[in-house]
Amino acid sequence: MDGRRLRAWTVTLPPGETKAFVAAEWADTLVVVEEGELEVECRSGRCERFAAGSVLTFAGLPVRRFHNRGSTRVRLAAVTRRRGDGPMTD
């Protein structure tokens, strides 16, 4: 697979930080919680926590924001296709 067709980045949330969820930033993205414990808050107010090693996608979910309620940083690794690329094939 051609690695130039992928875009990878990391997001770090320091302890106590909250980040608003912007759906367009996470569209078609696979996310791995590399460190810490990520809390995902939905528009209903319900929250779920995901520990290091969790693999997530937010497609179609009513996410409102991310929280780091812990005492250590949360680090997320994300990967998506570059915009404009069609379906990937071998």
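The values are calculated or read from the model by the stated rules, or taken from the named source; none is laboratory data. Computed from a predicted structure; not experimentally measured. With ideal geometry, Cβ positions are generated from the backbone for all residues, glycine too; neighbour counts draw on all protein chains shown.
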Please state which of the following conditions Ala77 fails to meet, knowing it meets all the rest: (1) touching a strand residue (DSSP E or B) at 6+ places or on another chain (Cβ under 9 Å); (2) at pLDDT 95 or above; (3) among the small types (Gly, Ala, Ser); (4) assigned to a loop (DSSP other than H, G, I, E, B). (4)
Residues in region 17-27: is at least one in contact with a Lys or Arg (Cβ under 8 Å, 6 or more places away or on another chain), of a type in the set (D, E, K, R) and at pLDDT 95 or above? yes
Would region 26-35 turn up any residue that is surrounded by 15 or more Cβ atoms within 10 Å (Cβ to Cβ) and among the hydroxyl-bearing types (Ser, Thr, Tyr)? yes
Could you list, in sequence order, the residues of region 20-53 that are among the aliphatic types (A, V, I, L, M), under 23 Å from Arg5 (Cβ atoms) and either in contact (Cβ under 8 Å) with a residue 60 or more places away in the chain or part of a strand (DSSP E or B) (or both)? Leu30, Val31, Val32
Looking at this structure, is Phe58 of a type in the set (A, V, I, L, M, F, W, C), in a strand (DSSP E or B) and surrounded by 13 or more Cβ atoms within 10 Å (Cβ to Cβ)? no
